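Any read-out appearing in this document is the output of simple, stated calculations on the displayed coordinates, not a laboratory observation. These numbers were taken from a predicted model, which means no experiment stands behind them. Backbone-built Cβ (ideal geometry, glycine too); neighbour counts: all protein chains shown.
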């Protein structure tokens, strides 16, 4: 018998007004820490956090993220090791958190993650998405955060579209799990039942809110808990299978057109199409997304029919060795038009 072992955060705190009490709990007065932010978050919250840390620990070094690049993460990890810092704190959106996550993982230091929005399910994942040379983007393995502080008073102030993107990314677990099962049956992937259950539970918990309000504390709490669970499911498997299938490949292909929007918005919209390909209740997903104001068509995110056709033909090539339903459908003009008409009601945005 093989027993799968995996790491979990030492602490995950979700609530209102919890930032400073939890920082006081997690950081010792003798600690030397690096605080990683970007310019926008620094103006909104970072300066106050920096001042707090100056008064609470032995030394604090504030570093900024500009591009969300692998180079930035390397340089910060070098500084952390060279100056023998005790911990890394990153506060911001996905770009900042991923740089902090990877820098702390390389330097083998505890990482405190403080999301200022819930724009995707990478909050607790073992993946850092970083820019590399020639504008390429890579998903790199790393350790999950040691501590996660999700202060809902801060998250509520984030732009609505960032919260909607996090919700959309979570909703796309529905089709990602279908693709995972398909890949297993095709001998292209291995199933982890525990991770499968966790990912499914995370999205079902959100779907219980039939009238979701992204500013409601109870709903935001559940959304925060669900994105953490989704990230943990990826940590259990050591890959993104529990939350990434054909809908994510379509999102990557949309990005390649240069017309992309937020990742979670794209994966949610694409999950409608993928659910249709599976013969599932795609209208349910579409109606749920509409109820919260998430775009449900290519046209709504600024893509033409020609863009759609290009995206569909290139999506399966955007990630090697990721077997999905896109590997089993034809790509002739007639079939792509059939999908488009069925999912989007025959709306033709070519005019």
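In Å³ and rounded to a whole number, note down the convex hull volume per residue for the Cα atoms of the range 266-344.
Details: hull volume 7.1 nm³, N = 79.
Each residue corresponds to 90 Å³ of Cα convex hull volume.
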Find the Cα radius of gyration of the range 1-82, compare it with 2.2 N^0.38 Å by division, and give the number to two decimals. 1.34
Order of 213, 192, 121, 332 - criterion: other Cβ atoms within 10 Å of each residue's Cβ, fewest first: 332, 213, 192, 121
Within the chain, helix-based [θ] at 222 nm, where runs of 4 or more DSSP H residues each add -39,500 (n - 2.57), nearest 500: -15000 deg cm²/dmol
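Mind checking Rg over Rh on the range 11-158, alpha carbons, Kirkwood formula for Rh? Write down the numbers at each step before the final one.
On the way: Rg = 13.9 Å, Rh = 14.9 Å.
Taking Rh as the inverse mean 1/r over Cα pairs, Rg/Rh reads 0.93.
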The range 176-271: spread of alpha-carbon positions along the three principal axes, whole Å, largest first, is 43, 37, 21
Could you work out the Rg to Rh ratio of the range 241-289, with Rh taken as the Kirkwood radius (inverse of the mean 1/r over all Cα pairs)? 0.98
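Starting from the Cα coordinates of the range 161-344, work out the convex hull volume and express it per residue in Å³. Kindly include the intermediate steps, with their values, before the conclusion.
Numbers: hull volume 19.2 nm³, N = 184.
Convex hull volume per residue, Cα atoms: 104 Å³.
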Using the alpha carbon gyration tensor of the range 51-113, what are the three equivalent-ellipsoid semi-axes (square root of 5 times each eigenvalue), largest first, in whole Å? 18, 14, 10
For the chain, compute the orientation-averaged projected area of the C-alpha convex hull (one quarter of its surface), in nm². 18.1
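Could you give the C-alpha radius of gyration of the range 178-232 expressed as a fraction of 2.2 N^0.38 Å, taking N as the number of residues it contains? Mind dumping the intermediate values first?
Numbers: Rg = 13.9 Å, N = 55, 2.2 N^0.38 = 10.1 Å.
In units of the globular-protein estimate, the range 178-232 measures up at 1.38.
For the residues 247, 181, 43, 72, what sequence is obtained by ranking on other C-beta atoms within 10 Å, fewest first? Each step should come with its number before you reach the end.
Numbers: 247 31, 181 14, 43 10, 72 24.
Neighbour counts put them in this order, fewest first: 43, 181, 72, 247.
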More than 17 angstrom separation, counting every C-alpha pair in the range 103-198; what % is that? 66
Nearest 10 degrees, 0 to 90: helix 47-56 Cα axis against the chain principal axis: 40
Given the options 39, 143, 76, state which has the largest fluctuation in a GNM of the chain using a 10 Å cut-off (strictly under) for Cα springs. 39
Rounded to the nearest 10, the angle in degrees between the Cα long axis of helix 217-237 and the longest principal axis of the Cα atoms of the chain comes to 80
Distance from the Cα centre of the range 95-142 to that of the range 1-35, in angstrom? 16
Neighbouring Cβ atoms within 10 Å as the yardstick, rank 198, 174, 325, 40 fewest first. 40, 325, 198, 174
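What order, most packed first, do the peptides 5-18, 275-288 have when packing is the mean number of other Cβ atoms within 10 Å of each residue?
Numbers: 5-18: 14.3, 275-288: 17.1.
Result, highest mean first: 275-288, 5-18.
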If you fit an axis through the alpha-carbon atoms of helix 94-107 and take the longest principal axis of the Cα set of the chain, what angle between them do you get, 0 to 90°, nearest 10? 60
